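The values are calculated or read from the model by the stated rules, or taken from the named source; none is laboratory data. Predicted model only: the values in this text are computed from it and were never measured. Note that we place each Cβ from the backbone using ideal geometry, even for glycine, and neighbour counts take in every protein chain shown. Heavy atoms of the whole protein, side chains included, go into the accessibility calculation; ligands, DNA and RNA do not. Shrake-Rupley method; radii C 1.70, N 1.55, O 1.52, S 1.80 Å.
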Amino acid sequence: MTRSARWACLVLGLWASAWEATAAAQPRAATLTHAVKKGDTLELLAAEYYGDRRDAIFIRVENGITRPRPLRPGERLRIPMDREITASAGDTLASLAKAHLGDERRAPLLAEVNKLSAGASLAAGQTLRIPFFISHLVTAKDTLANLAATYLGSSRRAEVLAAYNFVPNAALTPGATIIIPIYQVHLSDARRPAPDPASRARQENHAAMQKRASERLPDARAAWEAGNYAAAKKALTDLDIDYLDTAKAVDVAILLGSVEIAFGKPDEALALFRRALSRAPHHLLRAYQSSPKICAVWKQAGGAIDRKR
């Protein structure tokens with residue numbers, strides 16, 4: 001199954017019960033401004049900003065250029081651009097889809113664009129790409145298939161447009177607006193704006209926490225297995241779980257929670273286990289690797305136990 005087909009199946013499956021007859025709200029597309037110079041053409045600008053002359057259609061549509069014409073020096077054009085955003089603590093695919101794509105039900109698109117599973121949790125400082133979009137006024141001749149062919153490169157991507165716009169069937173209403181997410185086109189790195197200072201700080205903290213966790217976890221596990229619980233706790237206490245990718249966040253939270261149980265602090269362990277499960281709700285604790293006390297608190301937190309060896 002192709003990437004676009006997988007995306008369509010996933011999105012349609014999740015949104016089938018939520019289709020609506022009209023497109024949902026969509027925030028204004030992000031753009032750069034280009035001041036036309038002598039010799040500029042839409043094709044040359046597409047090559048400059050996207051790396052492909054064939055993507056001139058997106059600049060043309062964004063600027064309402066309906067017929068071929070020479071560009072005028074000094075004319076200012078809007079260049080649609082995909083964006084990179086940096087997650088904050090507590091962000092989810094659904095919350096970011098609502099903020100940047102206009103509807104939390106578009107989270108599957110956001111996951112697919114960023115090569116994440118639909119239920120993935122996000123680390124603070126994690127970078128995600130937000131595609132740009134085209135707003136198209138439907139005419140009597142339009143179909144989802146021909147719009148997908150024109151803007152997405154294949155009529156087989158019609159299902160993506162249906163899902164994104166919550167359209168219950170292939171019929172379009174003339175005069176309505178359909179939103180077309182342009183997920184296959186990327187702004188060139190040379191033209192991409194630098195992240196703002198707060199985003200940069202979160203990115204750097206994320207990278208630093210990931211590196212620190214990779215270095216500390218082996219020693220913490222060794223200390224735990226040797227019964228040196230104080231050393232295990234010391235190795236992990238200053239790690240910020242919010243800034244760790246899911247696998248490391250869960251490992252750190254479970255190990256720290258186990259240490260707290262060894263110190264006779266089940267309430268602290270319960271809070272840590274709940275944090276682990278908030279990042280990975282289906283994570284199984286292996287019974288043969290954990291004590292009955294640890295398993296009991298894990299179950300209290302809402303976690304399941306794997307009793308197989």
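The length gained on full extension between Ala271 and Leu137, counted as 0.36 nm times the residue separation minus their Cα-Cα distance, comes to 43.1 nm. Distance between the pseudo-spin-label points of Lys234 and Lys211 (7 Å out from Cα toward the beta carbon): 2.3 nm. For the stretch 79-192, what % of the accessible area comes from carbon and sulfur atoms, probe 1.4 Å? After summing per-atom areas, the C and S share lands at 52 percent.
Rg/Rh for the stretch 204-309 (Cα atoms only, Rh after Kirkwood) is 0.95. Close amide H pairs (under 5 Å, H built 1.01 Å from N) link Glu84 with Ile130, residues at least 5 positions away or on another chain. Of interest is the spacing of the C-alpha centroids, which for the stretch 223-266 and the stretch 85-162 amounts to 37 Å.
Against the criterion of solvent-accessible heavy-atom surface with a 1.4 angstrom probe, Val61, Val252 sort, most first, into Val61, Val252. Site pair Arg191 and Ala99 shows an inter-label distance of 2.6 nm when each label is modelled 7 Å from Cα along Cα→Cβ. Using only side-chain charges placed at the Cβ, +1 for Lys and Arg and -1 for Asp and Glu, the dipole size of the chain relative to its Cα centre rounds to 360 debye.
For the listed residue pairs Lys265/Lys293; Lys211/Lys265; Lys234/Lys293, the alpha carbons are over 20 angstrom apart in Lys211/Lys265; Lys234/Lys293. Would you kindly give the portion of the calculated P(r) for the stretch 77-141 that falls above 17 Å, as a percent of all Cα pairs? That fraction is 43 percent. In this structure Thr143 has an accessible area near 60 Å², from a 1.4 Å probe over the protein heavy atoms.
For the pair Gln300 and Ala226, the difference between a 0.36 nm per residue extended length and the Cα-Cα distance amounts to 24.0 nm.
Between the amide H of Gly51 and any residue lying 5 or more places away or on another chain, no distance stays under 5 Å, with hydrogens modeled in the peptide plane. Report note on the peptides 207-214, 135-142: ranked by the mean count of other C-beta atoms within 10 Å, highest first, their order is 207-214, 135-142. If the segment from Asp219 to Ala145 were pulled out straight at 0.36 nm per residue, it would be longer than the present Cα-Cα gap by 21.0 nm.
Amide H contacts under 5 Å for Ser154: Ala149, restricted to partners 5 or more places along the chain or on a different chain, H placed in the peptide plane at 1.01 Å from N. Largest first, the three principal axis extents of the alpha carbons in the chain are 76, 43, 29 Å in whole numbers.
Note on the stretch 67-195: with charges restricted to the Cβ of Lys and Arg (+1) and Asp and Glu (-1), its dipole about the Cα centre is near 520 debye.
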